[in-house]
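The values are calculated or read from the model by the stated rules, or taken from the named source; none is laboratory data. The shown structure was predicted, so the numbers you read here are calculated from the model rather than taken from an experiment. Ideal geometry is used to build each Cβ from the backbone, glycine not excepted, and the neighbour counts take in all protein chains shown.
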Amino acid sequence: MVLCSAGPQAASGGVTVAERFSLLHAAIDQELECVGRPPGSVTIVGVAKFQPVESVREAIDAGLRDVAHNYLQEGRRGFERLPPVRKHFIGRVQSNKARAIATLFDVVQSVDRLETGLSLARAASALDRELSVLIQVDAARARRHGCSPEEACDLAARLRNETSLRVDGIMAIAPPRDPAAAAKTFATAAKTFALVGGSTLSIGMSGDWREAVRAGSTMVRIGAALFGERDRR
Ligand SMILES: *Cc1c(COP(=O)(O)O)cnc(C)c1O
């Protein structure tokens, strides 16, 4: 029998990073079973911003294969001290940093404007590489980051003309500490994903990954629940 009502703390109860990674992995698989999806169908991305590189290494040793950064400089410093992983960029893309971002990262999850996407396309083309990108959608209509759900299809279609980009899906962020608002945001994200197409629906963070998995997430981005609370000093 599967318990489908485990508390949100179930995944963060471990003491070490390795324990938290394996508990999170198991808790996500259990949630997947509850909604009739195959185990392992959600990729865990470790969000390394403001985290000690040792913690990230411990998670990689425990099986983490995807690591994300919000800042280019921090990513540069972090990745050179780590074993090879798939590198995700989840921060603001400034056009003048496009070349550096396309050089360091494998996936850019935060493309929300045509201009930014085209800068990345030119950079990837000059580097002779194919860059995976996700369209960041403002599914919560918070008007901070992301294109509107209505704009997402058009943006994806325009960027799919660029041979150096692979538009793999969408990314969205829900309002914090509000499970009902998160569920609503993720429903909008899932609907938008169905229209945009691709393999990746990147929704769910430490506080709302359960709601995200229920809504169809294929990728969760986890910081605090994996590495511990961030040190912002
Ligand atoms: C910081 C961050 C996360 C991870 O947040 P946690 O609450 O620590 O899991 C995920 N996605 C984005 C875009 C972020 O900036």
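Structure summary
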item: Any hit, segment 185-207, residues being modelled with pLDDT under 95 and either within 13 Å of the ligand (Cβ to nearest atom) or at negative phi (or both); result: no
item: Residue among 187, 140, 123 that alone is surrounded by 20 or more Cβ atoms within 10 Å (Cβ to Cβ), under 27 Å from residue 211 (Cα atoms) and not aromatic (Phe, Trp, Tyr); result: 140
item: Which listed residue is of a type outside the set (Val, Ile, Thr) and either assigned to a strand (DSSP E or B) or within 16 Å of the ligand (Cβ to nearest atom) (or both), from 87, 97; result: 87
item: Test: residue in segment 70-83 that is among the aliphatic types (A, V, I, L, M) and under 15 Å from the mean Cα position of the chain (by Cα); result: no
item: Qualifying residue in segment 160-178 (condition: among the small types (Gly, Ala, Ser) and either without any contact (Cβ under 8 Å) to a residue 12 or more places away in the chain or surrounded by fewer than 17 Cβ atoms within 10 Å (Cβ to Cβ) (or both)); result: no
item: Answer from 103, 116 - the residue that is assigned to a helix (DSSP H, G or I), within 25 Å of residue 44 (Cα to Cα) and of a type in the set (Ser, Thr, Tyr); result: 103
item: Residue match in segment 66-79 (condition: closer than 30 Å to residue 184 by Cβ and among the basic types (Lys, Arg)); result: no
item: Helices (runs of 4 or more DSSP H) within segment 175-231 that include 2 or more residues under 23 Å from residue 18 (Cβ atoms) and in contact with a helix residue (DSSP H, G or I) (Cβ under 6 Å, 6 or more places away or on another chain); result: 209-215, 224-227
item: Top-ranked residue in segment 214-233 [being among the charged types (D, E, K, R) and within 9 Å of the ligand (Cβ to nearest atom); ranked as modelled with the highest pLDDT]; result: 221
item: Condition met for residue 56 (within 30 Å of residue 162 (Cα to Cα) and within 16 Å of the ligand (Cβ to nearest atom)); result: no
